[in-house]
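Please read the structure below before turning to the comments.
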Amino acid sequence: MNKRALVTGSSSGIGKHLSEELAKKGYALILVARREENLKELAEKIRHEFHTACEYYVCDLSHEAEVESLIKTYPDVDVLINNAGFGMYGFFHEMPWSRTRELIGVNVLSPVRLAHHYLPGMIKRGGGKILNVASVAGMRATPYFSSYCGAKAFMIQFSKSLALEVNDENVHVCCLLPGTTATEFWQISGMQEKVSQRIGGFDDPRETAVFGINQMEKGMISGVPGLKNKVKELMKNILPEQMWFYLIKRHMTHPSLFAKRK
Ligand SMILES: NC(=O)c1ccc[n+]([C@@H]2O[C@H](COP(=O)([O-])OP(=O)(O)OC[C@H]3O[C@@H](n4cnc5c(N)ncnc54)[C@H](OP(=O)(O)O)[C@@H]3O)[C@@H](O)[C@H]2O)c1
């Protein structure tokens, strides 16, 4: 029987491509997100083009009860891809609490819960893989993106620590840190006006996904896709923190932030 992979946030962007890449490798898939039409369409495409089993499960990952139902429906998987996530651009204290809670639910609580559930089975069977999609935004402070930045920082350290805990059990945990990638993420985060000033410079979500799957399959603990992002991260690491604070505040401040206040 084919190994089973569960991919959260597979209805668009990086998750859609991660699902297709896993299907090409012969995994049977479980696609998870809220938009049923998108999931249905992708499941049909995967079954037709890649001749592998593909089911989908509609789930709002910000609701704990729905995450528990997902686990009950699919008690075991060989590969878990924690990809679902979204950002919020603006002043932290002005964001509705319900939306902040939702962000932490989708970006932190649900991936941690899914890893907590699926890991024991993987260890018992003597093999398994988890890919956590974090972000380069989790590496250093980013104003007006505080909850997202904090959530991704948590996921980076959680993921790397967990990887070191379980790597003797033939279970690999890998953390993918994408840079600015061309997906719906920017629109949903409320950063469209800001990023529309950029000329080019967006990564291709398929290339990001291919890199992520390769890193996971190689047993790497973390990876930043693309030379441009790797160089940027290197520069961020050598820059004194005070200098970073100055530059990132300038970079992230945009008139659309203040327009939202009126
Ligand atoms: N794009 C970038 O520049 C970038 C950079 C670094 C990291 N990332 C990370 O990459 C991951 C994928 O994002 P993307 O860029 O591919 O953006 P995207 O196209 O907006 O995809 C986000 C996915 O998450 C799912 N999702 C959001 N809220 C959900 C909820 N409450 N319940 C279930 N699923 C939910 C969405 O599905 P539904 O709406 O159908 O539920 C969608 O499939 C995220 O973790 C993001 O933080 C992105």
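Here, each number is a calculation from the coordinates, and none is a lab measurement. Just so it is clear, the model here is predicted, and its values are computed rather than measured. Heads up, the Cβs are rebuilt from the backbone with ideal geometry, glycines too, and the neighbour counts pull from every protein chain shown.
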Give the residue that is surrounded by the fewest Cβ atoms within 10 Å (Cβ to Cβ), with candidates limited to residues of the stretch 158-192 that are polar (S, T, N, Q) and within 16 Å of the ligand (Cβ to nearest atom). GLN187
Residues in the stretch 9-25: is at least one among the acidic types (Asp, Glu), farther than 22 Å from GLU217 by Cα and not in a strand (DSSP E or B)? no
Test of understanding: among LYS16, LYS25, which residue is crowded, with 24+ Cβ neighbours inside 10 Å, at negative phi and in contact with a helix residue (DSSP H, G or I) (Cβ under 8 Å, 6 or more places away or on another chain)? LYS16
Between LYS218, LYS236, which is surrounded by 14 or more Cβ atoms within 10 Å (Cβ to Cβ) and among the charged types (D, E, K, R)? LYS236
Among the residues of the stretch 38-63, which ones are near the ligand (Cβ under 9 Å from one of its atoms) and in a helix (DSSP H, G or I)? ASN38, LEU39
Give the stretch 94-118 a look and list any residue that's more than 12 Å from the ligand (Cβ to nearest atom), in a helix (DSSP H, G or I) and under 30 Å from ASN237 (Cβ atoms), or say none. THR100, VAL112, ALA115
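May I ask you to list the residues in the stretch 28-37 that are surrounded by fewer than 18 Cβ atoms within 10 Å (Cβ to Cβ) and not in a loop (DSSP other than H, G, I, E, B)?
Taking the stretch 28-37 and keeping what is surrounded by fewer than 18 Cβ atoms within 10 Å (Cβ to Cβ), we get 34-37.
Correct list: GLU36, GLU37.
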